[in-house]
Amino acid sequence: MPDLHPPLPMRYPSPAPFDRSQATGMKSMHVELADSEVARTLAGAQNENLKLVERRLGVRVGQRGTELHLSGPEAAVSTAVKLLEGLASALKSGRSVYREDVEQALKAMGQGDEALRALSLSPIITQRSGRHVTPRSLAQQQYVELIRTNDVVFGLGPAGTGKTYLAMAMAVQALTERKVKRIILARPAVEAGEKLGFLPGDLAEKVNPYLRPLYDALHDMMEPERAAALLEQGVIEVAPLAFMRGRTLNDCFAILDEAQNTTVEQMKMFLTRIGYHSRAVVTGDVTQIDLPTGKQSGLVHARRILQGVEGVAFAQFTDVDVVRHPVVAEVIKAYARDELGQVDAVAEPRPSRPTPPKPSGPRPPPES
């Protein structure tokens, strides 16, 4: 008799779902923010902050309510958790966090926990746009502390590291708290490839473009009407460095910007203007000197002779501290590498080719 009931197919147990955390070197973690507003702000518009963390660290970040779920390589996940917890702590302390803050926090991760804790510092002042002016790197934090505790501070480093901007914020704070009575903002009027004499207008109109960055920073710190009133009253003064000669600056906060373009005599003149109850901040980048060939930069000279002088401090910034668009830091690095290459090329000139001997004998007649 044929078997009318064929055997049932053998059933195998279903495979367990793949757990990425069990793969070699993989890990999953979560961060509980416990505050919906903190979670929303930390994620950013259309989750741009979380996407940035994913791209930079190579992890996956998912959000469910106030909880963040992270997965990826073990070391990267641990770094991302520490980063997000630091940013959340900054938000809970009342500080705003924007995309550029996340960029700077990613840089700070390579400088240790102290650099990350700098993100939670109290703001110096609040801009008229509502944003807080706060140190965004360990070097900026140290710079602010040096300004608070010294009479003269030199801020040295590449463009975009916040040297002048933070000094301006400290000056406005000191004026608001009535620690000083005036703010003096000075800059040397040195051409960077263009000629000052060809600009239209009288002397004041000619030098005004050189002072424009100082006005821009000032208008970021306070309402234009208030800034204009303080400028008109002489409480805030923006002037070329040459106008400082013969003055004594008492009860004031003086800032000398672009100091790499001062001569030794000009730097000495500015530093000896400082009077009682005053402080000065000098900023510059020694790689962008526009002085005529053979003229020594007053900033380079001051850095050499004033080290160790009581009441004088130096803050050094690097490309890590650049707080502009991320490409700016890469541009600075590229130019630095190129300059090193140019130095090598000058040190090892290529041998000249030998001149070929002239042919002897009569010249052949020209072809018809």
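Read-outs throughout are calculated quantities, based only on the coordinates presented, and are distinct from any laboratory measurement. Note that the structure is predicted; figures quoted are calculated from it, not measured. Note that each Cβ is placed from the backbone with ideal geometry, even for glycine, and that neighbours are counted across all protein chains shown.
Remarks
- Of the trypsin sites (Lys or Arg not before Pro) in the range 141-178, the ones in a loop by DSSP (not H, G, I, E or B) with at most 11 other beta carbons within 10 Å are Arg178.
- Centroid-to-centroid, using Cα positions, the range 291-313 and the range 251-286 are 11 Å apart.
- Derived scalar couplings ³J(HN,Hα) [the range 238-254; Karplus, 6.51 cos²θ - 1.76 cosθ + 1.60; whole Hz; x for Gly, Pro]: 10, 8, x, 4, 4, 6, 7, 4, x, 9, 10, 9, 8, 6, 9, 10, 9
- Cα-Cα pairs of the range 280-336 separated by more than 17 Å (percent): 52
- Taking 29 Å as the limit for the C-alpha separation, the pairs Lys179/Lys268; Lys27/Lys92; Lys107/Lys268; Lys107/Lys295; Lys268/Lys333 exceed it in the case of Lys107/Lys268; Lys107/Lys295; Lys268/Lys333.
- Against the empirical 2.2 N^0.38 Å (N residues), the range 131-183 has a Cα radius of gyration ratio of 1.12.
- Around Gln296: net Lys/Arg minus Asp/Glu count, Cβ-Cβ under 13 Å: +3
- Cleavage-rule hits (GluC sites (Glu not before Pro)) in the range 28-71: DSSP loop, at most 14 neighbouring Cβ within 10 angstrom: none
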